[in-house]
1. Which of the aspartates and glutamates could be linked to residue 277 by a straight reach, that is with a Cα gap under 16 Å, when you skip same-chain ones fewer than 8 residues away?
2. In what order do 292, 172 fall by count of nearby beta-carbon atoms within 10 Å, going from fewest to most?
3. Pop out the ³J(HN,Hα) list for segment 167-173 in order, Karplus 6.51 cos²θ - 1.76 cosθ + 1.60 with θ = phi - 60°, rounded to Hz; leave Gly and Pro as x.
4. From the Cα gyration tensor of segment 69-136, with a ≥ b ≥ c the square roots of its eigenvalues, which class applies: rounded if a/c is under 1.5, or else prolate if a/b is larger than b/c, or else oblate?
5. To make sure I understand, if each residue's beta carbon is the centre and we count other beta carbons within 10 Å, what order do 223, 132 fall in, fewest to most?
6. Whole Å is fine, so just give me how far the alpha carbon centre of segment 174-227 lies from that of segment 273-290.
7. Can you tell which of 256, 239, 333 lies farthest toward the positive end of the dipole of segment 181-335, using +1 and -1 charges on the Cβ of basic and acidic side chains (Lys, Arg; Asp, Glu)?
8. What list of whole percents do you get for P(r) of segment 143-254, with Cα-Cα distances grouped in 5 Å bins up to the one holding the largest distance?
Amino acid sequence: MNIILGAGIIGLFIGYRLLKKGEKVKIFDAKDLTVAASKASVGMLAPMIEAKPKETELLELMINSKKIWDKKYNNEEFKKIGLKKNSSLLIAENIDDMERLKFKRKFFDELGFKSEFLNKKQTEEIEPELNSNFLGSLFCENQNQVDPIVLRKFLISQINLLGGKIVNIKSIKKIKIKKNFIELDGKKIKARKIIIACGAWSGELINRSFNLLFPIRPIKGISMLVDAGRELFKNNLWFRNIYIAQRENNILSIGATEQERGFDENIRMDEVYYLTKNIWESFVDLESMKLIDIKCGIRPGVIDGYPIIGTLDKISEDLICAFGHYRHGLLLAPITADIVSDYVLEKKIDDKTKFFSPQRFNL
Ligand SMILES: Cc1cc2nc3c(=O)[nH]c(=O)nc-3n(C[C@H](O)[C@H](O)[C@H](O)COP(=O)(O)OP(=O)(O)OC[C@H]3O[C@@H](n4cnc5c(N)ncnc54)[C@H](O)[C@@H]3O)c2cc1C
């Protein structure tokens, strides 16, 4: 039996993948933690837009994960998992934004990624519902989205169908690893491989259990769900401060704040103000939109910005880390699941993949 700790999108995706490969899986998740990052995520699958100069290894990982999304999950069943086959528009609302887009365009060109500048009229032709206070946009093809709520439901139903088990418990304080079993707060469970996928909480759990310090910190984010009542936008929209993904059911997912506020579970007024102010500046017809929900999630941020995927050899070769996905967990879930299943099946891991292991911090 393989034990996964954490049923966020990373833990669930890994569970699904392992079950598909014929492995046995049991997932333990804390029922008292309400602010998992996956529940607040907007679900953009946009490696190029997320790319930053010099983050070469991360960009390659994001592109490869997007390829898996496109190849493996973009079939006729794509709607079941919440995938939407659309593209992205980066909107320039003033001269500064325009300069930023020119810089982006140059950067995209250097990476060999095609994007297209659209003037105001061309932008209005494809997105007539935008407010008129913008100058133009940059069109990025196939930078699409997945609905995390639909995806989560799909993964849970598939895990159950394939014979896996998801157990809701009180958040685990301490784990102990022994040969062929694990102790979760003193309770012994048979285990072949153990995967830690506790998102932002992974560092604390490892520290309490093994006295090892991972350079990971919580980064709080707020997003909003708004019912537009009809299809407003075909593309995902990226403004300077917010981004918007319209789902198939006409709900707009709007993100996001990004702040260091520890594990704060509350939604603060300044966070609501930040989102609503920016929405108000960029949308018309706000009175016809209904607020559905405001979500809070804690992103797992690692000091170098890269996820941590690999065995924690200092403790046991059977203990595998899969956390620290920061802003990119939805995008990186498929490749993380593939890498972790290679570790579980004890396949040879190439050097490029080893780069993401805990060993880069001498752990
Ligand atoms: C507002 C917002 C917008 C985002 N937008 C995007 C986006 O557009 N695209 C994208 O790719 N990513 C986005 N992200 C990032 C993405 O959501 C995260 O990277 C991803 O969800 C991390 O998933 P995870 O499974 O590692 O962590 P989580 O979703 O946080 O899940 C961790 C799980 O572990 C469990 N757990 C933790 N500690 C314990 C314990 N001690 N015992 C038992 N269980 C435990 C928790 O209950 C939880 O279910 C966004 C995040 C936020 C907050």
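Only the coordinates and a few stated rules stand behind these numbers; no lab work does. As the structure is a prediction and not an experimental result, all values here were calculated from the model. Note: ideal-geometry Cβ built from the backbone for every residue, glycine included; neighbour counts use all protein chains shown.
1. 93, 258, 285, 287
2. Going from least to most buried by this count: 292, 172.
3. With the stated coefficients, segment 167-173 comes to 10, 8, 9, 6, 4, 6, 8 Hz.
4. Here segment 69-136 falls in the oblate category.
5. 132, 223
6. For segment 174-227 versus segment 273-290, the Cα centre distance is 38 Å.
7. The Cα lying farthest towards the positive end belongs to 333.
8. Pair shares across the bins are 2, 8, 13, 15, 13, 14, 12, 9, 8, 4, 1, 0.
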